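Any read-out appearing in this document is the output of simple, stated calculations on the displayed coordinates, not a laboratory observation. Keep in mind that this is a model prediction, so the values were computed, not measured. Ideal geometry is used to build each Cβ from the backbone, glycine not excepted, and the neighbour counts take in all protein chains shown.
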Amino acid sequence: MKPYNDSVILLLLCVSLLTACGGKENRIADSNGTESSDHTVSALPAGEADVPQSNHTASCLEPRYDRQRGTLTLTDLAANTTQASYHFEGAQSLLAIEKIPNGVMVLAAADGADTGASNGLSFSTNTGSAGSMMLYRFDEQLNLQDSFCLDDPDLSDILQNYPYAISPSGEELTWVQEDGIYRYAPETGDLKQVPLKLPETVYFVQIQYSESGKSLFYHGGGDREGVTFYGALDAETGEGTLFEAKNFDAISIEVTGDYAVVNAAVPPGAASGNGRVLLIDSAGKAGKEISLKSQSENDLAVVTEDGRTLVTCAATDSKGGVLRCYDTVSSDLKSEQAYTSEQESKPYLLMVQGQFAQAVLYTEQGFVLPSPMKLP
């Protein structure tokens, strides 16, 4: 695997990746003050508050983890209430979490294991030597259904060095190396290798399954300086698309159905200049750059289920911001709507459900949901 420079690793570790609720990418929140969104770390508010809901506000369940108590909870962000919880026996570092149609999958390691890795999906750095990992399968109410011990030292090493994802069915743990897709079934121990069929070698940084489980969205690097590769792989055949973007600091993949958006880091102090994100259509085997009105909305963008509208969110001051909708074909700005909150806040994630888009903000008192925006 080609090594990446320290600045890239630090960027992946430190930038909060903001995702669409209910999509394939989900964040692990640590109620002690840190949270992992697509498994990177940033500040998270403590406490709860009653938040009024509009007629179009939907419940959004968010996994949060209290490491001191060893408890995983599902928090309704709209109501700031805990819907379900599970207590782990022994201290755990949660490495990855995926919402699947009938529950939640969690990949974890015991505290003290060295699980720090630039795998693009999870980060949890501790001291000590590498140890076994556990894969847990929960139902919708966090009732434990199955658990699998991944005690193969070679597997632990692989998961520390290559990007991986959990299939939507919850039956496979998948990672991608330069030579192929590797699909591991914890229940049987079977490992399937699918050779890659791409025109150039890609050093993968991050992967995410499409909601159907047929494709793997990715971004990574190559042998050319300043070029980011992105596209989608067929999980069964290894065939895929490969597109290029120059000088693009990718930080997250946000999945909606057969589409995905690759978001970029917001430059420090960004106040002017156009931003951009990358759109991937796995079914149509297409990819393109979409220019945005500002750089401050680079890191929080999702696409609608039909792939026609890109929705972004950007803070304009400490208590407000703006939601914007772009046409994915023309990149034209179609509509925008300002939002405000009574307390100082920052965008936490975007919800795009049906004909409405809504920002979820976090404050020192808890989560706040401003008025939703009707999609054009």
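Points to keep in mind about this one:
- For the set K197/K285; K99/K293; K293/K319, the pairs lying more than 25 angstrom apart at their alpha carbons are K99/K293.
- Those residues of the stretch 230-271 whose amide nitrogen sits under 13 Å from the label point placed on A283, 7 Å along Cα→Cβ: 256-260
- Whole-Hz couplings from phi, Karplus 6.51/-1.76/1.60, listed for the stretch 73-90; x for Gly and Pro: 10, 10, 9, 7, 5, 5, 10, 6, 10, 8, 8, 7, 8, 9, 9, 7, 7, x
- Evaluating 6.51 cos²θ - 1.76 cosθ + 1.60 at θ = phi - 60° for every residue in the stretch 229-234, the Karplus couplings come out as 9, 8, x, 9, 10, 6 Hz, glycine and proline recorded as x.
- Protection-proxy order for peptides 225-234, 207-216, each taking the mean of Cβ atoms within 10 Å per residue, highest first: 207-216, 225-234
- A straight chain from D151 to K319 at 0.36 nm per residue would run longer than the Cα-Cα distance by 55.7 nm.
- The phi-based Karplus calculation (6.51 cos²θ - 1.76 cosθ + 1.60; θ = phi - 60°) puts the 3J(HN,Hα) values of the stretch 332-342 at 6, 6, 8, 6, 8, 8, 6, 9, 9, 9, 6 Hz, whole numbers, x for Gly and Pro.
- Rough spin-label spacing in nm, given labels placed 7 Å along Cα→Cβ, for T340 and E364: 2.1 nm
- Exposure proxy shown here: for H219, H87, the number of other Cβ atoms within 10 Å sets the order, fewest to most, as H87, H219.
- Shown here for the stretch 129-202: GluC sites (Glu not before Pro) in loop regions (DSSP other than H, G, I, E, B) with at most 11 other Cβ atoms within 10 Å, namely E200.
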